[in-house]
1. Hey, how many Å between the Cα centroid of region 500-579 and the Cα centroid of region 467-497?
2. Using the Karplus curve 6.51 cos²θ - 1.76 cosθ + 1.60 with θ = phi - 60°, work out ³J(HN,Hα) for each residue of region 84-98 in order, rounded to whole Hz, and write x for Gly and Pro.
3. Along region 439-453, what does the Karplus equation 6.51 cos²θ - 1.76 cosθ + 1.60 (θ = phi - 60°) give for ³J(HN,Hα), rounded to whole Hz, x for Gly and Pro?
4. Can you tell me the dipole magnitude for region 361-507 around its Cα centre, using point charges on the Cβ only (Lys, Arg +1; Asp, Glu -1), in Debye to the nearest 20?
5. For region 288-406, what is the charge dipole size about the Cα centre, in debye to the nearest 20, if Lys and Arg each add +1 at the Cβ and Asp and Glu each add -1 at the Cβ?
6. Please report the carbon-and-sulfur percent of the accessible area for region 257-405; probe 1.4 Å, protein heavy atoms only, DNA, RNA and ligands left out.
7. Could you give the accessible area per residue of region 240-308, probe 1.4 Å, as a whole number in Å²?
8. With θ set to phi - 60° and the Karplus curve 6.51 cos²θ - 1.76 cosθ + 1.60, what are the ³J(HN,Hα) couplings of region 383-395 in order, to the nearest whole Hz, using x for Gly and Pro?
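The values are calculated or read from the model by the stated rules, or taken from the named source; none is laboratory data. Here the structure is a predicted model, which is why all the values come from computation and not from measurement. Glycine gets a Cβ as well: all are built from the backbone with ideal geometry, and neighbour counts include every protein chain shown. The accessibility values were calculated without ligands, DNA or RNA, using every heavy atom of the protein model including side chains. Shrake-Rupley method; radii C 1.70, N 1.55, O 1.52, S 1.80 Å.
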Amino acid sequence: MNLTFAITDANTPPGAAAVSTSPSTGSATDPAPLLPPPGQETGPLLPPAPLPAHEPDAATLARTAERVAGDLLAPPAPVRLADVVPAPELVEPDPDADWVLPADAVVVASTDPAALAVAGHLAELLRPATGYLLPVTDAARPEPAGGIALMLAVPPAGAGPDTDLGAEGYRLTVAASGVTITAATAAGLFYGVQTLRQLLPPAIESPVPVTERWVLPGGTVTDRPRFPYRGAMLDVARHFFTAEDVLRVIDHLARYKLNHLHLHLTDDQGWRIAVPGWPRLTSVGGANEVGGGPGGWYTRADYRRIVRYAAARHVTVVPEIDLPGHTHAALTAYGELAPDGIAPPPYTGTEVGFSYVDPAGERTWAFIADVLGELAALTPGPWLHIGGDEAFKVKGATYTDFVERVQRVVADTGKTVVGWHQIAPAGHLDGRVLQWWGTTTEDAATVDAVHRGARLILSPGNHSYLDMKYAPDTPIGHDWAGLIDVRRAYDWDPGTHVAGVPATAVLGVEAPLWTESVTSLAEVEFMLLPRLPALAELGWSPRATHDWAGFRDRLAGHGPRWTTAGIHFHRSPEVPWPTDRAQPPTEVKPRIPSQNHPDSAADPGRVPLTDPS
Ligand code: TNX
């Protein structure tokens with residue numbers, strides 16, 4: 001074989017033309033490629049390029065030859081540029097531009113605190129497995145210079161859609177000179193970083209240094225989301241999850257470019273957020289959970305920690321106080337909120353629809369103003385979720401009057417209302433958002449609310465409820481909305497799902513995880529993965545990329561990543577997981593027997609609620 005390669009003299013300034021004996025077709029000012037294109041190593045001998053003004057010394061020649069020989073023997077990048085979840089909008093591979101992260105790489109970012117924070121985040125992601133120092137530095141105009149550059153760039157005025165990356169888009173280029181991520185915002189840079197992370201070998205997930213060739217596939221990814229709202233919900237009321245657990249869940253969201261974490265903070269079995277002036281909400285209302293465990297709650301400091309951690313990952317926290325139903329825990333703490341004025345004993349079962357705060361009581365309204373006021377003050381994001389589901393005992397005008405008054409309380413705090421789609425019949429309020437959790441695709445009240453200006457978050461129970469079992473033998477979870485395997489989680493279209501609701505009224509998607517039967521972080525992960533990435537792809541990727549076979553194959557590559565990172569997941573048989581050397585993660589053992597959801601009889605297969613009164 002005819003080895004042809006470029007020799008860069010140690011004295012050659014960076015970026016200047018290197019001397020080449022390769023069949024380069026570039027102009028005199030192009031940097032010569034280090035390697036000839038694949039398959040052309042034995043091409044015809046061209047006339048030698050002009051000699052440098054001075055000969056490289058023997059040591060330089062030897063080092064260069066060693067490096068080039070190493071590169072020639074090296075396998076191509078194990079991850080392909082298109083192997084990203086969620087699927088990017090545009091992928092343009094350049095197999096000649098694979099790039100190996102050098103041990104002395106620097107992460108350079110635009111001189112902007114938010115961009116530098118993303119650069120710091122990237123360095124923290126890469127340091128444990130690589131063991132590299134990866135210093136972070138700023139520059140007015142970052143160049144990769146053999147490292148990774150994160151560049152904030154405002155598109156020129158009048159720029160077309162090709163250059164307009166939007167509020168969350170990014171462009172990632174892997175070239176022989178290094179990696180550049182460009183975006184208009186720090187959020188865009190952050191999503192570029194998540195893509196970069198997925199393009200490295202799975203060993204990048206190791207918490208300890210490993211020997212690996214940290215190669216990235218060459219080319220360009222240009223990407224931006226389909227919907228602005230992409231989220232997951234964690235029910236911390238049925239079972240309590242510590243702030244530490246919630247931070248881990250935020251990590252999982254961020255990996256897949258989800259940008260909202262909805263926390264279901266209150267329900268019949270537990271009240272999980274401290275509210276000044278109402279101490280018994282937590283000391284009494286927070287001291288239980290399904291099955292009789294000790295429960296728990298977040299202090300202001302805990303909640304602030306969650307919000308801060310989320311914000312650093314471009315995740316907005318959406319707190320939910322479920323009203324007027326699902327309030328039994330609050331009633332155990334303050335009997336004056338109950339219609340009969342008597343505090344009931346705690347409830348640790350899984351029925352729904354029996355509790356409500358007294359809609360006519362003035363104490364109720366003082367309570368609501370204090371609770372929502374506190375959450376508005378603690379929450380930087382624009383949303384307050386008021387629940388509104390399954391309030392079976394507050395009917396007709398009493399219900400809609402109640403919801404309308406709560407909506408006004410929310411508006412007075414400066415936040416925007418989100419509620420489950422049951423609030424549809426209540427009057428419209430500017431910006432109001434309904435969260436669809438139906439298992440059908442038709443609902444006149446919801447369509448009517450949309451015509452009055454409401455937007456929709458899509459959480460169809462039969463596709464996105466991550467508390468549903470994967471299969472009949474899934475050890476935890478429900479099946480009232482059907483079994484949801486990965487394909488079912490993936491094969492629907494948020495843009496057309498509810499008849500009469502146009503894609504323009506769809507704010508985005510959310511996967512709720514109710515936790516009646518989910519008791520630990522391991523079980524949370526088991527229910528989230530691998531279905532959460534399916535939902536993330538529906539929220540992020542252009543519909544034109546939707547393809548089950550392709551998704552399944554891309555998803556399969558994430559198994560070894562989760563295993564390496566110590567994350568539990570369900571080894572769904574539909575996904576062709578590679579056989580990895582690491583031990584497969586253990587399947588979770590249920591601590592709580594699975595229960596069906598005894599809700600209204602609207603869906604066949606659902607067990608009707610037996611009214612306890
Ligand atoms: C319905 S979805 C509920 C929750 C349950 C869930 C269990 C919704 C708004 N309400 O109270 O936890 O089903 O799957």
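1. 11 Å
2. 10, 10, x, 4, x, 5, 9, 10, 10, x, 9, x, 7, 10, 3
3. 10, 10, 10, 9, 6, 4, 5, 5, 4, 4, 4, 5, 5, 7, x
4. On the way: 12 positive and 18 negative charges, 47 e Å.
Dipole size: approximately 220 debye.
5. Values: 9 positive and 15 negative charges, 112 e Å.
Dipole magnitude for region 288-406 comes out near 540 debye.
6. Numbers: 2710 of 4830 Å².
Looking at region 257-405 in its full context, I get 56 percent from C and S.
7. On the way: 2090 Å² over 69 residues.
I get 30 Å² per residue for region 240-308.
8. 9, 10, 9, 9, x, x, 7, 6, 8, 4, 9, 10, 10
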